[in-house]
Amino acid sequence: MKENPINEILKTSLENMSTLTNVNKIVGDPMLLPNDMIAIPISKVVCGYGVGGSEYQNSKVEVASEIYPFGGGSGGGLTISPIALLIIKDDKIKVVNVEKENDILIKVADVIKDIIKK
């Protein structure tokens with residue numbers, strides 16, 4: 001019996017999606033801030049995926065026993081959202097949540113100003 005192509009669709013799709021994410025997208029590159037502080041951005045990754053297919057008989061086309069035409073497809077989505085900053089200064093680590101803020105750059109600037117003042 002011929003192998004169903006859905007396995008190959010699934011394998012190829014998942015391999016391609018895995019190339020979109022890596023640890024550098026979740027834990028960002030450290031940034032040097034004033035006063036010898038280091039900020040490391042942290043993000044969350046949300047992934048959705050679906051795959052499906054069907055074999056069907058076509059009464060107009062004669063095919064060998066148990067081999068039918070196949071139709072299938074897959075789709076997925078990936079979202080990367082910043083959620084926090086790790087601020088490191090003098091062997092102390094502070095986690096600053098930035099997930100709920102509409103404009104993340106304003107939030108980051110405010111946090112950095114507050115830390116510099118301390």
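The values are calculated or read from the model by the stated rules, or taken from the named source; none is laboratory data. Owing to the predicted nature of the structure, the values given are computational and were not obtained by experimental measurement. As a convention, Cβ positions derive from the backbone with ideal geometry for all residues, glycine included, and neighbour counts pool all protein chains shown. We work out accessible area using only protein heavy atoms, side chains counted, and drop any ligands, DNA or RNA first. Shrake-Rupley method; radii C 1.70, N 1.55, O 1.52, S 1.80 Å.
Would you confirm, using the coordinates I've provided, whether G50 is open to solvent by less than 40 Å² (accessible area, probe 1.4 Å), within 26 Å of the chain's Cα centre (by Cα) and at pLDDT 80 or above? So G50 passes the test.
Failed condition for D29, given (1) modelled with pLDDT under 70; (2) of a type outside the set (A, V, I, L, M); (3) loosely packed, with under 13 Cβ neighbours inside 10 Å; (4) part of a loop (DSSP other than H, G, I, E, B), with all others met? All conditions pass for D29, except number (1).
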